[in-house]
Amino acid sequence: MQDPKYTVRLMKEEDVPQVTEIDREVFPTEWMFRLSSSYYKEFKNPLAYYLVASTQSDAFTKSKMLSLTQLPLFKDFFNNAHDDYREEQNSQNPYIVGFAGLWMMAHNAHIMSLAVRDRYRNQGIGEALLIAVTELVSNLDANMITLEVRSSNDVAQALYKKHGFREVGYRSRYYSDNGEDAVIMNTDSLSTASFQLSFRILKEEHIRKYNNISLEIS
Ligand SMILES: CC(C)(COP(=O)(O)OP(=O)(O)OC[C@H]1O[C@@H](n2cnc3c(N)ncnc32)[C@H](O)[C@@H]1OP(=O)(O)O)[C@@H](O)C(=O)NCCC(=O)NCCS
């Protein structure tokens, strides 16, 4: 089995600049409403929980990378690599590739955001974040998970439907940037045997398919 390359864990204060950067990249038209100060404030909000998917930054991985960059072929590749990639590999800090935020409200969990950097999509990271959110809120005794998603956002809706979310209504012209409607989606009660069974199956499938992603949420 290969070493886990990404870890999904709770956000730390030092992750906020990168989370803000991802937010700005992924939701450019909404960004003015979510300054980095609001992410720092979330640490003091007992109802808010943020998760990140981050590269491993342990000494083993670092020293392995360092020795590889000494090899001539790899050196060339490394020097010609995309700026983001070099930034990721050079950084002393973990590189955050995606995040999810939620608020617990009256025993329901409300997903406020879910985003993966463009270059890191289609590798199971968004789904890993959603699995970690589900696990976290189950441990917080949430009854169900709810969210709003743009009516045009077929990719996110496909992910949510895969994880048992159903359309339960609309909010007309919810998004002020383009007047788009929001689709409201809910899970069934998280405690039902059927939800737990399908969640377990989805999680096991994900672990089998993406064994380079580890979840540090329990
Ligand atoms: C939605 C998003 C988080 C998905 O992240 P991701 O890491 O690319 O997704 P994954 O690789 O984990 O894919 C998981 C599932 O999502 C759905 N999905 C992902 N990419 C898809 C695509 N291009 N078309 C259709 N469905 C897709 C599929 O159901 C997929 O499951 P499968 O692999 O069994 O088909 C990512 O596309 C993103 O950040 N989008 C912009 C922000 C956004 O829309 N956030 C949601 C706001 S409510």
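Below is a table of values for the structure above.
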| quantity | calculated |
| --- | --- |
| Order by protection proxy (mean Cβ within 10 Å, highest first), peptides 137-150, 161-174 | 137-150, 161-174 |
| Per-peptide average of other Cβ atoms within 10 Å, ordering 183-189, 21-27 highest first | 183-189, 21-27 |
| Packing-based ranking, highest mean first, of 209-216, 113-120 given that Cβ atoms within 10 Å are counted | 113-120, 209-216 |
| Listed residues Tyr160, Ile111, Ile125: farthest to the positive end of the dipole of region 108-199 (Cβ charges) | Ile125 |
| Listed pairs Lys5/Lys162; Lys5/Lys44; Lys44/Lys209 exceeding 28 Å between Cα atoms | Lys5/Lys44; Lys44/Lys209 |
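Each reported figure results from applying straightforward, stated rules to the coordinates on display, with no laboratory input. Remember, it's a predicted structure, so these values are computed and weren't measured experimentally. As a convention, Cβ positions derive from the backbone with ideal geometry for all residues, glycine included, and neighbour counts pool all protein chains shown.
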